[in-house]
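**Q** Please see the structure below; I have some questions.
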Amino acid sequence: MTSRQIKIDSAECGDFNGYLALPPAGHGPAILLIQEIFGVNDHIRAVADQYALDGFVVLAPDVFWRAEAGLNLGYDEAGFKKGLGLMQGMDFNQTVKDLVTAAGVLKALPEVKGKVASLGYCMGGFLSYLVAAQGAVDAAVCYYGGGIHGALDQAAKIDQPILMHFAEKDGYIPAVAVESVRQAFKGRSNASIHTYPEVDHGFNCWARAMYNQKASALAHGRTLQFLSEQIA
């Protein structure tokens, strides 16, 4: 496995960075990996490497580049406060445009053999959902996507396969919100929604106190099966 930083031309006001991880074979289907509020930090780069070792070409673009490029925040109080402030000040429409641009760059890479999926965590889970609604990817995965329940008007635009993971004890996404997402996709064969019992928001991140190995492994396995079926 190899990795490097690449430049993504915004076509508006300069370029921004993306962390590119290549699988040992050097080529494969692709994942647009979308960060949490903590930037393309050590954890997100490790996740990119993890999926690259699973055989995918992975690109993690810097979502916050317009405000502050190159963030590598920790999961302490200071990191949470800064990341939350950046998210609250972010123009989501512009960010989705940047991600659509990044998806196009990813698709054009010679190492990409197959289709492209978006995959995001928390804020990134919501953005993965919005990128799918733009038709920019062939499939989407959303881990505890805060905000999805407030943008269900976009659900009808998503006709590609989508997989969503939610935490039963999520302090940010209540059960009623998850149920509203289920209802919006009810009867839709393209959507799979899983809820993980007795775990909190962020259960996939081994750098956070709410990390849960069992739920993380189960969700990762389901994600790999989904991706192997939909984009490989």
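**Q** Which pairs have Cβ atoms under 8 Å, sit 6 or more apart or on different chains, and link a residue in region 1-22 that is under 12 Å from residue 65 (Cβ atoms) and free of Cβ contacts under 8 Å to residues at least 60 places away in the same chain to one that is surrounded by fewer than 20 Cβ atoms within 10 Å (Cβ to Cβ) and among the aromatic types (Phe, Trp, Tyr)?
**A** Going by the 8 Å Cβ cut-off, there are no qualifying pairs.
**Q** Mind checking which strands (runs of 3 or more DSSP E) fall wholly inside region 1-65 and carry at least 3 residues that are open to solvent by 10 Å² or more (accessible area, probe 1.4 Å) and on the phi < 0 side of the Ramachandran plot?
**A** Fully inside region 1-65 and qualifying: 2-9, 15-22.
**Q** Only one residue in 164, 90 is open to solvent by less than 10 Å² (accessible area, probe 1.4 Å) and hydrophobic (A, V, I, L, M, F, W, C), so which one is that?
**A** None of the others qualify; the one that does is 164.
**Q** Further question on the same structure: Filter region 69-87 for residues that are surrounded by 12 or more Cβ atoms within 10 Å (Cβ to Cβ) and assigned to a loop (DSSP other than H, G, I, E, B) and give the result.
**A** Result: 69, 70, 71, 72, 73, 74, 75.
Results for (1) among the aliphatic types (A, V, I, L, M); (2) at pLDDT 95 or above; (3) in contact with a strand residue (DSSP E or B) (Cβ under 7 Å, 6 or more places away or on another chain), shown as yes or no for each residue.
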{"site": "6", "(1), (2), (3)": "yes, yes, yes"}
{"site": "22", "(1), (2), (3)": "yes, yes, yes"}
{"site": "29", "(1), (2), (3)": "no, yes, yes"}
{"site": "37", "(1), (2), (3)": "yes, yes, no"}
{"site": "83", "(1), (2), (3)": "no, yes, no"}
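**Q** Only one of these is among the β-branched types (Val, Ile, Thr), under 13 Å from residue 37 (Cβ atoms) and either open to solvent by less than 60 Å² (accessible area, probe 1.4 Å) or outside any helix (DSSP H, G or I) (or both): 101, 95. Name it.
**A** Only one candidate qualifies: 95.
**Q** Related question: Before we move on, is residue 196 over 27 Å from residue 115 (Cα atoms), surrounded by 17 or more Cβ atoms within 10 Å (Cβ to Cβ), touching a helix residue (DSSP H, G or I) at 6+ places or on another chain (Cβ under 6 Å) and of a type in the set (Phe, Trp, Tyr)?
**A** So residue 196 fits the description; yes.
**Q** Does region 135-149 hold any residues that are surrounded by fewer than 23 Cβ atoms within 10 Å (Cβ to Cβ) and at positive phi, and which are they?
**A** 135, 147
**Q** Then there's this: Name the residue, out of 184, 207, that is open to solvent by 30 Å² or more (accessible area, probe 1.4 Å), in contact (Cβ under 8 Å) with a residue 60 or more places away in the chain and touching a helix residue (DSSP H, G or I) at 6+ places or on another chain (Cβ under 7 Å).
**A** 207
**Q** What are the residue pairs meeting all of these: first residue in region 94-118, first residue of a type in the set (A, V, I, L, M), second residue open to solvent by 10 Å² or more (accessible area, probe 1.4 Å) and part of a helix (DSSP H, G or I), Cβ atoms under 6 Å, and 6 or more apart or on different chains?
**A** 96/130; 116/107
**Q** One residue is enough: does region 115-122 have a residue meeting the conditions more than 20 Å from residue 202 (Cα to Cα) and open to solvent by less than 10 Å² (accessible area, probe 1.4 Å)?
**A** Taking every residue of region 115-122 in turn, at least one turns out to be more than 20 Å from residue 202 (Cα to Cα) and open to solvent by less than 10 Å² (accessible area, probe 1.4 Å).
**Q** Tell me the residue from 165, 201, 220 that is more than 28 Å from residue 104 (Cβ to Cβ) and in contact (Cβ under 8 Å) with a residue 12 or more places away in the chain, please.
**A** 201
**Q** Condition test on residue 108, is it open to solvent by less than 30 Å² (accessible area, probe 1.4 Å), modelled with pLDDT of 95 or more and under 19 Å from residue 6 (Cβ atoms)?
**A** When the stated conditions are applied, residue 108 does not pass them.
The values are calculated or read from the model by the stated rules, or taken from the named source; none is laboratory data. Since this is a predicted model, take the numbers as computed values, not measurements. Glycine also receives a Cβ, built like all others from the backbone with ideal geometry; neighbour counts cover every protein chain displayed. Calculation scope for accessible area: heavy atoms of the full protein, side chains included, ligands and nucleic acids excluded. Shrake-Rupley method; radii C 1.70, N 1.55, O 1.52, S 1.80 Å.
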